[in-house]
Amino acid sequence: MKQDMIVILDLGSTENTTIARQIRELGVYSEIHPHDITAEELNRLENVKGIVLNGGENRVVDGTAVDIDPALYDCGYPMIAFDHPTAKCARKQDTMPDDALLKEFVFDVCHAQANWNMKNFIEDQVELIRKQVGDRKVLLALSGGVDSSVVAAMLIKAIGKQLVCVHVNHGLMRKNESESVIEVFQNQLHANLIYVDATDRFLEKLQGVADPEEKRKIIGSEFIRVFEEEAGKLEGIEFLGQGTIYPDIIESGTKTAKMVKSHHNVGGLPEDLQFELVEPLKQLFKDEVRSCGVELGLPAGMVYRQPFPGPGLGVRCLGAITRERLEAVREADAILREEFEKAGLDKKVWQYFTVVPDFKSVGVKNNARCFEYMVIIRAINTIDAMSATIERVDWDVLQKITDRILAEVEHVNRVCYDMSPKPPATIEFE
Ligand code: XMP
């Protein structure tokens, strides 16, 4: 293994990730593990140089204070504890560690080398994946999103054709999205890729369904069904690759922190799929996942893309989805993205997209009355997607986009700009 590692044991602090990042900023790899890791599990981790016991406000779970396995104190690793009055260790701190203190612990006490970088991380993960998988096969649902793309690239590097990628096109993808998955993974990286065009099947299931939650449920469960069917056709698969990243684990609830929301990558697994998981990104933060993707040779456009909801354009084609309006939202979205890129706004604005409601308005085209749909443009900025403000897009850019949508997108006679912040509006409409 290339990298030294400091292990952070989660004893209920909300600051685990801050400390992990502080240590990584010192150039040393750090991983966060649950407080109940056993001495045996800890000893199985390679290149551990020291341990941070990180207690805090969530330390008491169901009325009892959680603690580590006492056997860990005998493993011989240097330890430091934060806000942890019972630790039998050299040091105790009640506050957040400052950089100088962490630096002293990491380098002078643990003698860790500052050898954390993406290249070494990838080499280490490749070694770990090969060790875990051997000559067996891994299945991966490749949506084309950042996380699944990066995990696919990592697995291809580690095990090549032993990875089977399944890309399900639910018909709610953005323009050219499935095509670019095929281009990058099949043509450039020579992945073992199964492409399933399930458009008709999804649109049939969604026909006449106007309720947003109902739509989301149908898309989610149909996705799992299609994936399971494909998995059922394959033989000898023992592992499931997952693009889980560290924030997914936190949001889905750790042993000390409460669940924020169940996450597709963590909570949405079909229970009867008896696979062992391969999750090489699960200790990374989003920006690190992106650098990892770049280091693995993925195109920047794939790695630095804006967030896109799992149910795709399904939640932007409002109400009951029709092919006509779905096509309109897809074409308008492509125009918006093209013009934002030309204006340099793609690097500035956090998320931008179009929406097509399910009602029409009166207009006039070629000197005759028309009754057609409208396109709503939304462009927002946010730090954490919990609240958001709108981007004040330049009037000329908006004009250009409007002209193009009205000229190029069928069945549309009106373009509006959504001025609403979150709250009270959410970022998506459904
Ligand atoms: P809202 O609409 O809740 O959106 O303000 C917050 C952020 O989450 C994205 N979003 C999703 N992402 N699966 C995802 O991976 C989903 O089902 C989903 N729904 C919303 C949304 O695009 C925004 O960035």
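The values are calculated or read from the model by the stated rules, or taken from the named source; none is laboratory data. Quick caveat, the model's predicted, so the values are computed rather than measured. Cβ sites come from the backbone with ideal geometry, for glycine too, and all protein chains shown count toward neighbours. Side chains included, ligands, DNA and RNA excluded: accessible areas come from the protein's heavy atoms. Shrake-Rupley method; radii C 1.70, N 1.55, O 1.52, S 1.80 Å.
Give a quick list of trypsin sites (Lys or Arg not before Pro) in the range 89-184 that DSSP marks as loop, anything other than H, G, I, E or B, with at most 13 other Cβ atoms within 10 Å. Each step should come with its number before you reach the end.
Details: sites: 91, 92, 103, 119, 130, 131, 136, 137, 157, 161, 174, 175; in loops: 91, 136, 174, 175.
The qualifying sites are 136.
How far is the Cα center of the range 1-47 from the Cα center of the range 62-81, in Å?
The two parts, judged by their Cα centres, are 13 Å apart.
Filter the chymotrypsin sites (Phe, Trp or Tyr not before Pro) in the range 297-396 to those in DSSP coil with at most 11 other Cβ atoms within 10 Å of their Cβ, and list the result.
Details: sites: 304, 340, 350, 352, 353, 359, 371, 373, 395; in loops: 304, 350, 359.
In loop regions of the range 297-396 (DSSP not H, G, I, E or B), the sparsely surrounded chymotrypsin sites (Phe, Trp or Tyr not before Pro) are 359.
Nearest-5 percent of antiparallel DSSP beta bridges in the chain? Kindly include the intermediate steps, with their values, before the conclusion.
Values: 16 of 58 bridges.
Of all bridge pairs located within the chain, approximately 30 percent are antiparallel.
If you average the sequence gap of Cα pairs under 8 Å that are 6 or more apart and divide by the length of the chain, what percent do you get for the contact order?
Computed value for the chain: 12 percent relative contact order.
Taking the chain as the reference, fit the longest principal axis to its C-alpha atoms, fit the long axis of helix 16-25 to the helix C-alpha atoms, and give the angle between the two in degrees, 0 to 90, nearest 10.
Tilt of helix 16-25: around 80 degrees.
Skipping prolines and chain starts, which residues have an amide H placed within reach, meaning under 5 Å, of the one on residue 10, given they are 5 or more residues away or on another chain?
Placed amide hydrogens put 33, 35 under 5 Å from residue 10.
Output wanted: per-residue J couplings in Hz (rounded whole) for the range 219-236, from phi through Karplus 6.51 cos²θ - 1.76 cosθ + 1.60, θ = phi - 60°, x for Gly and Pro.
Values per residue, Gly and Pro as x: 4, x, 6, 5, 4, 5, 4, 4, 4, 4, 4, 5, 4, x, 7, 8, 10, x Hz.
From Cα pairs below 8 angstrom and at least 6 apart in sequence, can you work out the relative contact order of the range 110-224, rounded to a whole percent?
Details: 112 pairs, mean separation 24.6, N = 115.
That works out to 21 percent.
Leaving out ligands and nucleic acids, note down the accessible area per residue over the chain with a 1.4 angstrom probe, in whole Å².
Values: 20480 Å² over 430 residues.
Solvent-accessible surface per residue comes out at 48 Å².
Using a Förster distance of 60 Å, how high is the FRET efficiency between residue 320 and residue 130, based on the Cβ-Cβ distance and rounded to 0.05? Each step should come with its number before you reach the end.
Details: r = 48 Å, r/R0 = 0.81.
The pair residue 320/residue 130 has a calculated efficiency of 0.80.
Please list, in order along the range 250-256, the HN-Hα scalar couplings obtained from phi with the Karplus expression 6.51 cos²θ - 1.76 cosθ + 1.60 (θ = phi - 60°), rounded to whole Hz, x for Gly and Pro.
Along the range 250-256, the couplings run 5, 5, 7, x, 9, 6, 10 Hz.
Toward the positive end of the charge dipole of the chain, about the Cα centre and with charges on Cβ (Lys, Arg +1; Asp, Glu -1), which of 336, 247, 23 goes farthest?
336
List the pairs from 2/347; 175/360; 215/258; 215/286 whose alpha-carbon separation is above 30 Å, in the order I gave them. Mind dumping the intermediate values first?
Details: 2/347 34 Å; 175/360 24 Å; 215/258 27 Å; 215/286 28 Å.
With Cα atoms farther than 30 Å apart: 2/347.
Could you give the angle, 0 to 90 degrees to the nearest 10, between helix 286-295's Cα long axis and the longest principal axis of the Cα atoms of the chain?
90
Let's test the formula: R0 of 45 Å, r as the Cβ-Cβ distance of residue 420 and residue 61. What FRET efficiency results, to the nearest 0.05?
On the way: r = 39 Å, r/R0 = 0.87.
Once the sixth-power term is evaluated, E becomes 0.70.
Tell me, what are the semi-axes, in whole angstrom and largest first, of the equivalent ellipsoid of the range 166-233 as set by the roots of 5 times the Cα gyration tensor eigenvalues?
On the way: eigenvalues 124, 41, 14 Å².
Its equivalent ellipsoid spans semi-axes of 25, 14, 8 Å.
Rounded to the nearest percent, how much of the accessible area of the range 166-322 (1.4 Å probe, protein heavy atoms only) is carbon and sulfur? Please report the intermediate quantities before stating the final value.
Values: 3660 of 7370 Å².
So the carbon and sulfur contribution to the accessible surface is 50 percent.
I'd like the distance separating the alpha-carbon centroids of the range 371-408 and the range 98-123, in whole Å.
44
Which of the GluC sites (Glu not before Pro) across the range 1-74 are loop residues per DSSP, with 14 or fewer other Cβ within 10 Å? Walk me through the numbers before you get to the answer.
Values: sites: 15, 25, 31, 40, 41, 46, 57; in loops: 15, 46, 57.
Within the range 1-74, the qualifying GluC sites (Glu not before Pro) (loop, at most 14 other Cβ atoms within 10 Å) are 46, 57.
Please report, in debye to the nearest 20, how large the charge dipole of the chain is about its Cα centre when each Lys and Arg carries +1 at its beta carbon and each Asp and Glu carries -1 there.
With only Lys, Arg, Asp and Glu charged at Cβ, the dipole is about 900 debye.
How high is the relative contact order of the range 1-79? Use alpha-carbon pairs under 8 Å, at least six apart in sequence, and give a whole percent. Could you put the intermediate results ahead of the total?
Details: 132 pairs, mean separation 32.7, N = 79.
It rounds to 41 percent for the range 1-79.
Where does helix 146-159 land angle-wise versus the long Cα axis of the chain, in degrees 0 to 90, nearest 10?
So the helix axis and the longest Cα principal axis differ by about 60 degrees.
Over the range 1-157, what is the percentage of antiparallel beta bridges among all DSSP beta bridges, to the nearest 5? Mind showing how you got there, number by number?
Working: 3 of 22 bridges.
In the range 1-157, DSSP labels about 15 percent of beta bridges as antiparallel.
Can you show me the helix-derived [θ] at 222 nm for the chain, built from DSSP H runs with n ≥ 4 at -39,500 (n - 2.57) apiece and divided by the number of residues, rounded to the nearest 500.
Values: 14 runs with 144 residues, N = 430.
Using -39500 (n - 2.57) per qualifying helix, the result is -10000 deg cm²/dmol.
Select from 109, 398, 284 the residue farthest towards the positive end of the dipole of the chain; place +1 on Cβ of Lys and Arg, -1 on Cβ of Asp and Glu, and compute about the Cα centre.
Ranked along the dipole, the leading option is 398.
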